[in-house]
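Written below as structure tokens is the structure these notes are about.
The values are calculated or read from the model by the stated rules, or taken from the named source; none is laboratory data. Note that the coordinates shown come from a computational prediction; the quantities given were computed from them, not determined experimentally. Positions of Cβ are generated from backbone atoms using ideal geometry, with glycine treated the same way; all protein chains shown enter the neighbour counts. In case anyone asks, the SASA skips ligands and DNA or RNA and just uses the protein heavy atoms, side chains included. Shrake-Rupley method; radii C 1.70, N 1.55, O 1.52, S 1.80 Å.
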Amino acid sequence: MSPAKTASNTEDYLRMYRQMVRIRTFEDNANQLYLSAKMPGLTHMYSGEEAVAVGICEALKITDKITSTHRGHGHCVAKGAAFKEMFCELLGKEEGYCRGKGGSMHIADQSNGNLGANAIVGGSMGIATGSAFTAKLLGKDDVTVCFFGDGATAQGLMYEVMNMAALWKLPVIYACENNGYSEYTRTDEIAAGSITARAEAFGIEAHQVDGQDVLAVNELTEQLVARARKGEGPFFMELMTYRYHGHHVGDINREYYRSKEEEKDWKENRDPIIKFRGWLVEQGIATEDEIEALNEAVRKDAEAAVTYALEARYPDESEVDMHVFTDVKHALA
């Protein structure tokens with residue numbers, strides 16, 4: 001792990017660990033809801049990439065904004081979302097963040113600065129850049145982080161917005177979560193050359209960091225966020241990480257595009273939660289018993305939220321056109 005920062009304290013580290021465990025626990029429960037046919041539609045697991053979302057979001061204020069992806073549960077939780085509203089959204093219930101109408105791939109949490117997930121690969125890049133442009137126009141010091149996967153680097157929108165951001169020096173950080181695969185194809189088979197070089201072509205400062213090291217991710221993000229607030233942006237980060245599950249929950253047999261040995265190596269030797277847990281114990285920040293108690297508390301919190309969401313109400317049919325049109329009477333009113 002990266003060395004400790006003197007400005008941080010025990011509470012900071014334990015909060016980061018807890019947030020990573022919350023993401024992993026949420027995903028484990030979401031996967032079980034899918035496998036038991038209780039959740040409509042597909043979902044895309046974030047397990048294995050927790051250090052990216054937590055390391056970045058811990059460096060942000062509530063008023064700072066993020067945009068997410070189809071693999072967005074981790075970003076949402078890391079930015080402050082609650083289990084109950086998250087599970088309600090996955091199950092299509094009215095107490096969900098989008099009243100059950102967004103589902104897994106379209107969760108938004110405006111109260112915590114999450115402008116929303118997006119099912120279109122790279123689809124939120126324009127939203128994130130627009131958010132940063134708004135902050136600059138209004139004279140605010142808010143920073144926007146745009147999460148996207150390595151596959152999105154093949155989208156033309158990325159180059160349009162980076163050009164604009166560089167010209168206008170916008171307070172935006174483009175965070176590329178390189179998990180090694182673009183759906184079912186290795187990244188090195190779909191991405192020619194260096195990914196960071198693509199940002200550098202626009203004069204954007206770019207960094208590559210170990211996405212399994214939450215402290216390294218957090219340290220770099222804090223530096224870039226502070227500079228972006230001062231008008232030195234935009235910036236680009238390539239975070240080297242790995243997804244434990246398939247492209248989506250239905251992608252069970254993955255041996256035709258990646259080996260079980262590879263998956264086992266990442267899970268056993270490069271897991272971000274295991275690595276950080278070991279560091280916390282080694283540094284005397286927490287004991288194994290304290291960590292186990294924290295894990296159990298998160299597990300119970302998730303279990304209670306799932307039970308609540310399963311019994312919660314669905315939105316009324318009169319809401320079918322709510323938030324679709326303005327100043328138009330509901331068709332079913």
Checking the table Lys65/Lys300; Lys84/Lys267; Lys38/Lys79; Lys61/Lys136 against a 18 Å threshold on Cα-Cα, which pairs fail?
Lys65/Lys300; Lys84/Lys267; Lys38/Lys79
Mean projected area, convex hull of alpha-carbon positions in region 150-203, reported to one decimal in nm², is 3.7 nm²
Loop sites in region 150-237: trypsin sites (Lys or Arg not before Pro), DSSP, at most 12 other Cβ within 10 Å:
Lys230
Tell me the carbon and sulfur percent of the accessible area for the chain, rounded to whole percent, probe radius 1.4 Å.
52 percent
Tell me the mean residue ellipticity at 222 nm calculated for the chain from its helices only (DSSP H runs of n ≥ 4, each -39500 (n - 2.57), averaged over every residue, nearest 500).
-13500 deg cm²/dmol
Taking every pair of alpha-carbon atoms in region 1-85, give the share separated by more than 20 Å as a whole percent.
37 percent
Of all DSSP beta bridges in the chain, what percent run antiparallel (nearest 5)?
10 percent
Per residue, how many Å² of accessible area does region 6-123 show with a 1.4 Å probe?
33 Å²
Between Ala201 and Glu303, what FRET efficiency comes out of the Förster formula 1/(1 + (r/R0)^6) with R0 = 30 Å and r the beta carbon distance, rounded to 0.05?
0.05
Longest site-free stretch - the chain; sites: chymotrypsin sites (Phe, Trp or Tyr not before Pro), DSSP loop, at most 11 other Cβ within 10 Å:
1-255
One would report the Cα pair-distance distribution of region 197-333, bin width 5 Å, in %, as 2, 7, 9, 9, 11, 12, 13, 13, 11, 8, 3, 1, 0
If you take the square roots of the eigenvalues of the alpha-carbon gyration tensor of region 64-144 and sort them as a ≥ b ≥ c, do you get rounded (a/c under 1.5), prolate (a/b over b/c) or oblate?
prolate
Let me know the charge dipole size of region 118-195 about its Cα centre in debye, to the nearest 20, where only the beta-carbon of Lys, Arg (+1) and Asp, Glu (-1) is charged.
320 debye
Global form of region 1-143, assessed from the alpha-carbon gyration tensor, a/c cut-off 1.5
oblate
Convert 37 °C to kelvin, take the viscosity as 0.692 mPa s, use the Kirkwood radius over C-alpha pairs of region 117-184 as Rh, and evaluate the Stokes-Einstein diffusion coefficient in µm²/s, rounded to a whole number.
267 µm²/s
For the chain, state the semi-axes of the equivalent ellipsoid (square roots of 5 times the eigenvalues of the alpha-carbon gyration tensor), sorted largest first and rounded to whole angstrom.
28, 27, 21
